[in-house]
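The structure under discussion appears below in the form of structure tokens.
The values are calculated or read from the model by the stated rules, or taken from the named source; none is laboratory data. Model, not experiment: these values are computed from the prediction. Positions of Cβ are backbone-derived with ideal geometry, glycine not excepted, and every protein chain shown enters the neighbour counts.
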Amino acid sequence: MNQKFHLVSDIQREAAIKAVSACKNGMVVTIASRNRSTEQNALLHKWFSEIAVQSGDQSLLDVKAQCNLKYGRPIKAQDPDWQAVFGYLFDKLPYDKQLKAIMALGIPFTRDMTVDQLNEYMNQMERDYRSEGFTLSDPRDLGYEPHR
């Protein structure tokens, strides 16, 4: 018996509590935070594109690599598993080579971030780019609540 409960209201929370209460001894119950949302992902990539277009001299992939290094690296560095696999690259390479490594190796930064981690990434990204005069899509214009 495998059940998943996405807790978005008290109704789901109560159903999850009932399911856990009904479990027999020896069963395993896993509670996990949700990975980034589809809306967050769409907005993030929209921002990469908007920044690339407005900068005039960068591709979407250039912007993505720069943002992953600036905003994603500090978040991912807190994960010992990620750090053990990828962290050494960033400790030993100069900035320009770090960017090239990100693009060439497809190093996962946001792929497995939680909603809260991606919020942190996007909030800082939005503050920085807006302060530099970039115009970024507002999440509310896309039909969902801001990530703040």
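Of all residues in region 51-63, those that are modelled with pLDDT of 95 or more have Cβ atoms under 6 Å from Cβ atoms of residues that are outside any helix (DSSP H, G or I), 6 or more apart or on another chain, in Ile51/Phe134; Ala52/Gln58; Ala52/Ser59; Gln54/Phe134. Could you go through region 10-20 and let me know if any residue there is under 20 Å from the mean Cα position of the chain (by Cα), more than 26 Å from Gly133 (Cα to Cα) and part of a helix (DSSP H, G or I). Checking region 10-20: not a single residue is under 20 Å from the mean Cα position of the chain (by Cα), more than 26 Å from Gly133 (Cα to Cα) and part of a helix (DSSP H, G or I). From the list Phe86, Phe48, the lone residue that is of a type outside the set (Gly, Ala, Ser), touching a Lys or Arg at 6+ places or on another chain (Cβ under 7 Å) and assigned to a helix (DSSP H, G or I) is Phe48.
Exactly one residue out of Asp81, Asp112 is exposed (fewer than 14 other Cβ atoms within 10 Å of the Cβ), under 22 Å from the mean Cα position of the chain (by Cα) and farther than 27 Å from Leu136 by Cβ, and it is Asp81. Note on region 21-45: among residues that are assigned to a loop (DSSP other than H, G, I, E, B) and within 23 Å of Met122 (Cα to Cα), the one that is modelled with the highest pLDDT is Ser37. Filtered by the rule that a residue be of a type in the set (Phe, Trp, Tyr) and assigned to a helix (DSSP H, G or I), region 105-128 gives a lone residue, Tyr121.
Here Thr38 fulfils each of the conditions (1) under 13 Å from Leu118 (Cβ atoms); (2) crowded, with 18+ Cβ neighbours inside 10 Å; (3) of a type outside the set (A, V, I, L, M) apart from (2).
Close contacts from region 97-121, counting a first residue that is assigned by TED's automatic domain parsing to the domain that holds Gln58 and closer than 11 Å to Ala65 by Cβ and a second that is among the polar types (S, T, N, Q) and not in a loop (DSSP other than H, G, I, E, B), with Cβ to Cβ under 6 Å and a gap of 6+ residues or different chains, come to Ile102/Asn68; Phe109/Asn68.
Residue-wise test of (1) within 18 Å of Thr38 (Cβ to Cβ); (2) not polar (S, T, N, Q).
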| position | (1), (2) |
| --- | --- |
| Leu61 | no, yes |
| Ala77 | no, yes |
| Trp82 | no, yes |
| Phe90 | no, yes |
| Ala101 | no, yes |
| Val115 | yes, yes |
| Tyr121 | yes, yes |
| Gln124 | no, no |
| Gly133 | no, yes |
